[in-house]
Structures are given as C-alpha cells and as structure tokens.
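As structure tokens, the structure follows; a few thoughts come after it.
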Amino acid sequence: MKKLFVFVFSVFVLSGFNANAQCNAETLSTQCIPKLASGFNFLKSYKVEKAGKEYVEYSYVFTKGTQYMINICAPGQNSDGIIVTLEDSDRNKVANSKVNEQYISAIAYPCNKTGIYYIRYTFDDEASYCGGSALGFKR
Amino acid sequence: MRILIAGLFFALFMACSSGNKSEDQALVDALDNTEMGDQAISGEVSEILHRIPSPLEISVLLKQSGKKYNGAFLNSPDNLSRYNTNYKRALNLGIYGTDLGYTNIYEQSQDGIKYMSTIKDLANELNIGQFFEMETIARLVSNSNNLDSLLLITTQNFNAINHYLQSQNRSHLSVLFLTGGWLEALHITCEVAKSNPDNAQLKEAIGGQKIILENIMHLLSFYKDNDKNMASLLAEMEGLKQSFDKVIITSVYKPSTFQVVDGVMIIKDNSSSTVEITQGDIDNIRTSTQNIRTKIIS
C-alpha cells in the first residue's frame, strides 16, 4: 500500500516537473553576449534548448576576412554536454567543440571561405539541456 | 484501493496527455496555417532571415580599410515624410538602420542622432517603436566612449524587432526590413568602390553579396503571389541578379585544424574561396542597385 502511495506521488511530482520545468534559454543567450571576447561585435544570440529535439541549428553567411566567435552559456559553471559543430554550406565539418572528452565553450573562426555556415548544437546524452549562445565578429 | 488505482490511471493519463499536447497543438497550428500564409511559411523564412549578415560587417570593413565617412551616400532623414505605406516604411527602416550603423561605426554622433530619431518615427508608424529607448540611445550616441554599448544595443533592438515581427505573423515586414538594410549596405560599398576601383577587398565584398542576394530573392519569392509590392520588388531584384550572374565564386574545402588557447578553440581555416568579378560587373551591380534604391527611397 505504501509503495503504491509513493508511486502515485512520484508520478504526480514527476509529471509536474515535466510540465513546469522552465528553460531560460532566452536569458542564457543574453548572458552570453558580454562573454564574447574583447573586440568582437555582437551579431546574434541563439537559444539552445533540447526540448525533445536531437539538435538545434542556425545558419549564417560568413565572410572571408572576418573572424567570428561562437560561445555557449549554460546554467552551471560550464557548457558540459552541449556541443557546437560548425559546418560549411556543403556540410563539411569546420569545427566541433568537444575535444578529448572536454567541452570547449567558445570557438574563434577566422573565415577564409565566404558562404553559408551551419551552427549546430547537439547534446551528449539524454539529459535535458538548456543554454544560450552568442555570435560575434571582428575584422 | 480502487480509488488509488483510478488515481494512478488518471495520473498516467494526464502525464501522457501532457506529452501529446504539443503534437495536438502542432496539428491545430498546421490546420490554421493553411489559411494564414505568413504563418505557414514562417519556419523557413525565419531560418533564412537568421542567416542574412548584419550590414554592420560592411561598415566595419569600410572603416578598417581606411575609407572616409561620406554622409552623401546615405538616405537623408528628410525623406521620412515620403514613406506612407508599411511596405515603404519597412524597406526604409532597413535602409536607415544600415545608415545608422554606418554613422555609428564612424562615430558621427550628430548624424547618428538624426538617424536614430528617424528610425524611431518609422518604427512608431509600424507599431514597433517600443524597441527603441531614445534617451538611452541618444546618451550612447553622444559619447564616443560608448561605441561598443551603442552597437550592442542597436543590434539587439533590430534583432528584437525581427523576432517580434515574426512572432506577430508579420514576417513580410521583417523580410522587407532586412532587404532594405542589405541593399543600402551594397549601395554604400559600391559607391566607395567607385572611387577605389583597384581595391581588391571591396571587389570581393561586392562579389560575395551574390550569395546574400540569392537568399533574399528566395525570401521575397514566398510572398510574390499574395503581395504585389513584394512581387514587384522581386522582379527588380531579378535585374540585379543578372548583374551578378557573371560573378563566379569558387570554393575549395580543406579540413581545418585548431588549437585551444585559454579555453577558446581557435580554428585555422584551410579552406578558401575566390571571387571573380570584373570592373564591368561592379558597374552593372552599382547601376542596378541604384535603380532599385532610388525607387525605394523616393
């Protein structure tokens, strides 16, 4: 009987968490802007929320001769579990922020090839990820 | 006990219902979208709108390549009273936005305040004036030490406008706003290149706009069947496209390398692209751009 009570209670609590869990991706993406390295001008902020999706993707036209920076912000101390992958217009890999099992929170990309680039955020396991990201440029 | 079991089933049912809610909503949205063109195309439009580069990049290029400020290239704030339709307002909001970025980059505070005021008026007429706090911006414009903050706040405002317009099913205005901004940046670059015909960097910057033009034309094509103004603008862009047709952009991919310095992954891009563009191409692009812009600003 007690087990049944615990189970019913757990179902209510968990479903409540599921419905009410708030992801402040908007806030996190805004918080990411001042974390762009010195000299970079802000271009875009991106919401990075797993929300049942396998990945979140944005695109941007990068220009040869311009250096871009993409950073990631998460609620904790670092961006563990959120990986950013940069691909060119033909889906060739340019960068991936997971290196030797470490998650790098910022990528600086001095572009040498003008074109559309895809900025894809993936998640390393089944956990519910919530984060933000900012894109900046400098010449 | 029966009550508890019933409660358990109820709880499970509610949990499952909660999970399906988004699917149900998606179905309702999909049905609604069949009647609301702007909603239906907003996903793809939003994706493309996101990728159009900021005109600020061009202004930074011009300044860093040593070109002097020239206010004569810009659309005069005095033209504001000419813009009596939302079509013209949105296009010229984009044009004035680029002009504001140009004046800001060159730290021309007097001109900057005029453009900011004009933008605020246009934005009010489009019911998006709430995104500009004039007092804050005027304070930032008047002090050159605040340049970074000024660029940040204006970029954030324009991004917020785009998000808002899309969320309000007014994506067509967002498309016009970005089209106007892009066209103005191309116009300024062409005018600067006119007096610097040997500047390879400027030539390449102009040629590279071929990629953006393709995306903008794709955006406009979504609206051509339901909006005569946008169909007309698309037709004019077709003329500009013909001026770009001889421009050849060649890309070579080579895997990049990287190193991590102070927690930042610094990429070494081993790929490359080249732009083949003649002076004749640039002259044609400048003329086509000027023709379209003149119709928009007059």
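Structural remarks
- Screening residue B:276 with (1) in contact (Cβ under 8 Å) with a residue 12 or more places away in the chain; (2) at the interface with chain A (Cβ under 8 Å from one of its Cβ atoms) gives one miss only, at (2).
- When residue A:99 is tested against the conditions (1) facing chain B (nearest Cβ under 9 Å); (2) in contact (Cβ under 8 Å) with a residue 24 or more places away in the chain, the lone failure is (2).
- Taking the stretch B:99-154 as the range and being outside any helix (DSSP H, G or I) and either in contact with a strand residue (DSSP E or B) (Cβ under 7 Å, 6 or more places away or on another chain) or under 18 Å from residue B:184 (Cβ atoms) (or both) as the test, the residues that pass are B:106, B:108, B:126.
- 3 or more residues more than 27 Å from the chain's Cα centre (by Cα): qualifying strands (runs of 3 or more DSSP E) within the stretch B:220-298: B:257-261, B:264-268
- When B:181, B:208 are checked against the criterion of being touching a strand residue (DSSP E or B) at 6+ places or on another chain (Cβ under 7 Å) and either surrounded by fewer than 21 Cβ atoms within 10 Å (Cβ to Cβ) or in contact (Cβ under 8 Å) with a residue 24 or more places away in the chain (or both), B:208 stands alone in meeting it.
- Within the stretch B:55-88, being touching a strand residue (DSSP E or B) at 6+ places or on another chain (Cβ under 9 Å) and over 14 Å from residue B:189 (Cα atoms) holds for no residue.
- Test: residue in the stretch A:72-90 that is at pLDDT 95 or above, out of contact with any strand residue (DSSP E or B) (no Cβ under 7 Å at 6 or more places or on another chain) and either hydrophobic (A, V, I, L, M, F, W, C) or not in a strand (DSSP E or B) (or both): yes
- In the condition set (1) surrounded by fewer than 21 Cβ atoms within 10 Å (Cβ to Cβ); (2) within 9 Å of chain B (Cβ to nearest Cβ), residue A:55 is compliant with all but (2).
The values are calculated or read from the model by the stated rules, or taken from the named source; none is laboratory data. Here the structure is a predicted model, which means the values were calculated and not measured. A quick note on method: Cβ atoms are made from the backbone with ideal geometry, for glycine too, and the neighbour counts reach across all protein chains shown.
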